[in-house]
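Asker: Starting off with a structure, shown below.
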Amino acid sequence: MEDAVRHNCGFCVAHTLHDAYSFLRSLQHRGREAAGIAAVGEGRIDVIKWAGGVDRFDVTDLHKIFPSPNYHTYMAHVRYATRGSKEKILDDAHPHVLGGQVEDRGNHILIRDCEMAAVHNGQVDLSHFSDVDLSRSKSSCDTEALLYMYRRDGEHEFLRKVPGAYAMAIADWRKRDVIVMRDRTGIKPGVLGWKDGKYGVASEDIAFRKNGGDFIEDLDPGAIYYLSPEGDFSKESIIEPQRAHCFFEWNYIADVDSNLNHLSVRRVREVLGEILAEEFRPPDADVVTFLPRCPEVAARSYARSVGLPFVPMFYKMRGERSFQGSNAEDRKQSIDSNLHVLPGMRSQVAGKTVVLIDDSIVRGNNSLRARDLLYEQLGVKKAYLVSYTPPIGILPDDGIARGCMFGVDMPPNPPAGEGFIARGRDTEQISQKMGMPVFYVSVPGMLRAFQHLGLENDDLCTYCIGGDHPFAGCGPLAKEEVKDQLDLLSISSEGEPIKAD
């Protein structure tokens, strides 16, 4: 899907501009290519969005653009766009709007007097827009299409019709309250929090806890939250939850100190390290290390469990995730310029056998860079690459190519040159491709880690590693229709203008 956008994002709703900006900075790990804020007042919605990280726009000047007496609520968003043209980053960045007067300033855009605006984390299947008039769309992203659907049907019918994947907020100039919805599967995270006597929303609880606020509850799947200008909230449960939480949020995406759906990200990664130790203990291993930064917790847990020294060997100059680059070249540049070996390390590990822990192996780019550094710069005797996520993007027995169509950059049919390393290969063939022995945690082993911590297998989406489609049986999408949906996605790559947001 060369021109489609597959991304993971973070969003928040707060009642001061300072809080929205601070929350957004705490969610920067969820997206780095664009940021944006919608300022909501009585009968008015104004928007700004800019290229780059949150810090690329100073909060002092944002206060000048959005003087506080004019507004009562702020919706903010960070995004990474993994497939579209870089020239369209601002067009496709959030918030998306209907109406408004656009002022393009080159590296940022101002939109005044919007009819409505939305911020969204997830990805909604193209089939749900077949009867929506999108002839006046200004972008090619699904979030704008969702706004047209909301304007036509209202939030209640919207939530009933569309099974997922979305956690999103909508500001409508006709209404006082900001509307927040989480789909019935809860595949994307979202929390209700409290700060300075007012309620808000964020993708992760870390946004509140790092900025002097408190976590209240995970957003209920299938529910609508109304956030009033005064800082109160009300909730309506519209449809029965059919939970299918994304396991990859715990394994990779979320901040290590976040809690998602009452489950600690840190604790999940610790237990995954313990499960790895049960399944893989090479007798010739001397030392354990990790590919910074996400796998550190699991690597330390693994090292403790197998009784080997834990030795950090790499560092990154920046906290950015190469996974979020716009294309293969951008990701390679990020990896090559960012990942390096710690000084003085060669004398400690030369001639030794290393267990290298990684959170996942999607395309294999990071792992190849680490392999070269281990062998060429550090002189290790042997390196095992060990992933605490099972093979992603496989073609299982049902013949349906796996990947993610729900908000993470892992489309089932990726462009040429950006395919899954596990697609069509067994572990031995993957090891040959990587130039070092590769081991994956088993699917039952990974699921056992979640079950040990109280999250049942049926409450997880495991589609990308061979599991069932998370929306099969949800409302209009029955199991027999899953194949038709995938066919539509394939067709859309050859000309359909809608992108996923």
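Asker: Short version: ³J(HN,Hα) in whole Hz for each residue of the range 454-465, in order, from phi by Karplus 6.51 cos²θ - 1.76 cosθ + 1.60 (θ = phi - 60°), x for Gly and Pro, what are they?
Answerer: Per-residue couplings from phi come out as x, 10, 6, 4, 5, 9, 10, 8, 10, 4, 5, 10 Hz.
Asker: In sequence order, what are the phi-derived ³J(HN,Hα) couplings for the range 167-182 according to the Karplus relation 6.51 cos²θ - 1.76 cosθ + 1.60 with θ = phi - 60°, rounded to whole Hz, with x for glycine and proline?
Answerer: Per-residue couplings from phi come out as 10, 8, 10, 10, 10, 10, 4, 7, 10, 6, 8, 7, 9, 10, 10, 10 Hz.
Asker: Antiparallel versus total DSSP beta bridges in the chain: what percent is that, nearest 5?
Answerer: 80 percent
Asker: So what are the ³J(HN,Hα) numbers for the range 353-369, from phi and the Karplus equation (6.51, -1.76, 1.60; θ = phi - 60°), rounded to whole Hz, Gly and Pro as x?
Answerer: In residue order, the calculated couplings are 9, 10, 9, 9, 8, 10, 6, 6, 10, 8, 9, x, 5, 4, 5, 5, 4 Hz.
Asker: Here's something else I'd like to know. For each of TRP194, TRP50, TRP173, count neighbouring Cβ atoms within 10 Å of the residue's Cβ, then give the residues from fewest to most.
Answerer: Ranked by crowding around the Cβ, least crowded first: TRP194, TRP173, TRP50.
Asker: In debye to the nearest 20, how big a dipole does the chain give about its Cα centre with +1 on each Lys and Arg Cβ and -1 on each Asp and Glu Cβ?
Answerer: Here the size comes out at about 1520 debye.
Asker: Sequence-distant or interchain residues sharing an amide H contact under 5 Å with HIS245, placed H: which?
Answerer: Residues meeting the criterion, in which the H sits 1.01 Å from N, are LEU460, CYS461.
Asker: Order 294-300, 432-438 from most to least packed using the mean count of other Cβ atoms within 10 Å.
Answerer: Top of the packing list down: 294-300, 432-438.
Asker: Go ahead and estimate [θ] at 222 nm for the chain from helices alone: -39,500 (n - 2.57) per DSSP H run with n ≥ 4, summed, over the residue count, rounded to 500.
Answerer: Mean residue ellipticity, 222 nm, calculated: -7000 deg cm²/dmol.
Asker: Another question about this same structure. Say the dipole of the range 9-244 comes from +1 at the beta carbon of Lys and Arg and -1 at that of Asp and Glu; which of ALA35, THR16, LEU159 then lies farthest toward its positive end?
Answerer: ALA35
Asker: Then there's this: Looking at this model, which pairs from LYS210/LYS381; LYS138/LYS175; LYS188/LYS316 are more than 32 angstrom apart at the alpha-carbon?
Answerer: Result: LYS210/LYS381 exceed 32 Å.
Asker: Can you give the net charge of the other residues whose Cβ lies under 13 Å from the Cβ of LEU455, counting K and R as +1 and D and E as -1?
Answerer: Residues near LEU455 contribute -2 overall.
Asker: Same structure again: May I ask you to compute the full-extension gain from TYR375 to LEU395, defined as 0.36 nm times their residue separation minus their alpha-carbon distance, rounded to one decimal in nm?
Answerer: Extra length from TYR375 to LEU395 when fully extended: 4.0 nm.
Asker: Quick one: grab the alpha carbon gyration tensor of the range 9-244, order the square roots of its eigenvalues as a ≥ b ≥ c, and give me rounded if a/c is under 1.5, else prolate or oblate depending on whether a/b is larger than b/c.
Answerer: rounded
Asker: Give me TYR384, TYR440 sorted ascending by neighbouring Cβ count inside 10 Å, so fewest comes first.
Answerer: Neighbour counts put them in this order, fewest first: TYR384, TYR440.
Asker: Kindly identify the chain as rounded, prolate or oblate by the Cα gyration tensor criterion: order the square roots of the eigenvalues as a ≥ b ≥ c, call it rounded if a/c is under 1.5, otherwise compare a/b with b/c, prolate if a/b is larger, else oblate.
Answerer: Prolate is the answer for the chain, as a/c is 1.5 or above and a/b outweighs b/c.
Asker: Please order ILE187, ILE357, ILE206 by the number of other Cβ within 10 Å, starting at the fewest.
Answerer: Result, fewest neighbours first: ILE206, ILE357, ILE187.
Here, each number is a calculation from the coordinates, and none is a lab measurement. Nothing here was measured: the structure is a model prediction, and the numbers come from that model. Cβ: placed from backbone, ideal geometry, glycine included. Neighbour counts: every protein chain shown.
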